1. Taking Thr137, is it closer than 16 Å to Phe458 by Cα and more than 13 Å from the ligand (Cβ to nearest atom)?
2. Somewhere in region 265-273, is a residue under 30 Å from Asp422 (Cβ atoms) and in contact (Cβ under 8 Å) with a residue 40 or more places away in the chain?
3. Need a quick list: strands (runs of 3 or more DSSP E) entirely within region 351-442 having at least 2 residues that are more than 26 Å from Leu278 (Cβ to Cβ) and in contact with a strand residue (DSSP E or B) (Cβ under 8 Å, 6 or more places away or on another chain).
4. Just checking, which of Val181, Val173 is touching a helix residue (DSSP H, G or I) at 6+ places or on another chain (Cβ under 6 Å) and in the same structural domain as Lys96 (by TED's automatic domain parsing)?
5. Checking Ala243 against (1) under 11 Å from Val189 (Cβ atoms); (2) more than 9 Å from the ligand (Cβ to nearest atom): exactly one of these is not met. Which one?
6. Looking only at region 151-169, count how many residues are surrounded by fewer than 19 Cβ atoms within 10 Å (Cβ to Cβ) and either at negative phi or touching a Pro at 6+ places or on another chain (Cβ under 7 Å) (or both).
7. Taking the criterion of being β-branched (Val, Ile, Thr), surrounded by fewer than 18 Cβ atoms within 10 Å (Cβ to Cβ) and modelled with pLDDT of 95 or more, would at least one residue in region 135-142 satisfy it?
8. Looking at (1) modelled with pLDDT of 95 or more; (2) at positive phi; (3) not β-branched (Val, Ile, Thr), find the lone condition where Asn453 falls short.
Amino acid sequence: MSYECWRPPVLYWNGHPFCTGTVARSALERSPVLYRNAAGASQFITHNKILPLRAMQLPDIIVIGAGPAGLLAAGMAASGQRRVWLLEKMEKPARKLRITGKGRCNITNTKPWNDFETHVFPLPRYFKPAFMNFPNTALMRFMEAAGVPVTVERGGRVFPASSRAQDVAEALVRWVRSKDVDIRCHTEVLRLITGNGNITALEARINGRLQTLPARAFIVATGGLSYPATGATGDGFRWAEAAGHTVTPPYPSLVSLKTVNPPAALNGLALRNVSLTLFIEGRAVADDFGEMAFTADGVDGPLVLRLSHKAVDALRQNKKVTLELNCKPALTNEQLHARWQRERAAFPGAPLSALLRKWLPGQLIPPFLAQAGLPPDKKTAQLGFGEQQQLMAAFHSWKMDVSGYGGYERAVITAGGVSMKDIDHKTMRSRKIGNLFFAGEVLGLHADTGGYNLQIAFSTGYLAGKSAAGI
Ligand SMILES: Cc1cc2nc3c(=O)[nH]c(=O)nc-3n(C[C@H](O)[C@H](O)[C@H](O)COP(=O)(O)OP(=O)(O)OC[C@H]3O[C@@H](n4cnc5c(N)ncnc54)[C@H](O)[C@@H]3O)c2cc1C
């Protein structure tokens, strides 16, 4: 039989017509196809062989992206006795998960839903069914059962007791493998192929070769655009749009902020136990306490990331955004004044910049005095009443105008994504295409720092896998 140009009666996949018409030899070389022969038996045709069905174990469900969302989706889908493939373009699964929480992985947060939901955007109700199916408590039990004991830290943040994100990633991979999921790395999905209102197959580059893979259902868990070196390059957004979904324009969130005229001398300086207040159009909208760092073009660090979500949203609306640094949040005005008067009396001849070494890191002092408008060399005893007031105010209020935010290369998450209006949030199934599901950061859901984003990935992955398998 020649396959140069061969017209099978009908090609089937799991009983559904898969494709009809002429099959070119080149297509068969790229990808074997399934058909039912005259006797009703399923067979695969390659460009030079006919293989019985069992020779080619094609999947029922294909999950694209082996991050936390894809791993949970694949494991759950396989729990429903489905044959599942998990395709990952990088050399190993969960590259990003392995660097989360500075290598410690803040898995989730213990807050009950009523508190948890205040950290989820744009609308927490879109996440509620997924959370209820696989809540933070269930995730913690799951981790323990998978061999990763967890510990709870300040603010309800949950970490592996080993403080190793690698342990979380490896435990998830072990769990997925234990469900007989076929994990295929070095497999980059290029596009989804539609037909009769469904996704019939996908095209992938597998170890450099193009192949078409059919399946009954597809779960897209390709993440967003942040930290592209981990594999997240926004492919899912493009496929979703091509398949008729609305994709809310993505943007970096939980990200460093750029400030106007950042003092070069401060680049690299980290501050602990300080507080920041975020002002939008002159109104204080949030404040927080902790660690921050100065960068070449602004500010970064956990404290800044926590405030960045509101700051970025405001900047995108062209609103005026200002940060106010409080270098001495633990001291009230009265305590600050009392300490100053004591030290001024003890060292009346000391230049102001020298005395401040007892208060602030040396690197901070010149820019601190410059922004407060105070002369660094003036002796402390010679400072007038007004100058002392200026100094006290500067400790509690160092204003920095925010001009922009960092890019995807350093952003913890991507906000925006596949609109939840196009997703049935009780199942994670697309409202546009019946056999297509989405999970994780590709969705138009995001959250604050504190373990909330990984919970979104785990819960939506769990629900998508369960729904795709029909369990
Ligand atoms: C530095 C950093 C630290 C973080 N720390 C925390 C934390 O401590 N706690 C927390 O809650 N959140 C944290 N996050 C956020 C969290 O990591 C993400 O929200 C989460 O990883 C999203 O999971 P995901 O599975 O949706 O996407 P990802 O983890 O991005 O996984 C997507 C996967 O899909 C693969 N892929 C993409 N396109 C294709 C394709 N075409 N074909 C095949 N495969 C493809 C990618 O290679 C990738 O492996 C952190 C993020 C960063 C960047």
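1. Numbers: closer than 16 Å to Phe458 by Cα: yes; more than 13 Å from the ligand (Cβ to nearest atom): yes.
It is true that Thr137 is closer than 16 Å to Phe458 by Cα and more than 13 Å from the ligand (Cβ to nearest atom).
2. We begin by selecting, within region 265-273, every residue under 30 Å from Asp422 (Cβ atoms); these are none.
No, because not a single residue in region 265-273 is under 30 Å from Asp422 (Cβ atoms) and in contact (Cβ under 8 Å) with a residue 40 or more places away in the chain.
3. Values: elements: 398-405, 413-418, 436-438.
Strands (runs of 3 or more DSSP E) meeting the threshold: 436-438.
4. Values: Val173 fails: touching a helix residue (DSSP H, G or I) at 6+ places or on another chain (Cβ under 6 Å).
None of the others qualify; the one that does is Val181.
5. Condition not satisfied by Ala243: (1).
6. Kept after step one, since they are surrounded by fewer than 19 Cβ atoms within 10 Å (Cβ to Cβ), are these residues of region 151-169: 151-156, 161-164, 166.
In the following step, the residues that additionally are either at negative phi or touching a Pro at 6+ places or on another chain (Cβ under 7 Å) (or both) were identified as 151-154, 161-162, 164, 166.
Final tally of qualifying residues: 8.
7. Of the residues in region 135-142, the ones β-branched (Val, Ile, Thr) are 137.
Imposing the further condition that a residue be surrounded by fewer than 18 Cβ atoms within 10 Å (Cβ to Cβ) reduces the set to 137.
Remaining after also requiring modelled with pLDDT of 95 or more: 137.
Checked against the condition, which is being β-branched (Val, Ile, Thr), surrounded by fewer than 18 Cβ atoms within 10 Å (Cβ to Cβ) and modelled with pLDDT of 95 or more, region 135-142 yields at least one hit.
8. (2)
The values are calculated or read from the model by the stated rules, or taken from the named source; none is laboratory data. Only a predicted model underlies this, so the values are computations on that prediction, with no experimental measurement involved. Every residue, glycine among them, receives a Cβ derived from its backbone with ideal geometry; neighbour counts consider all protein chains shown.
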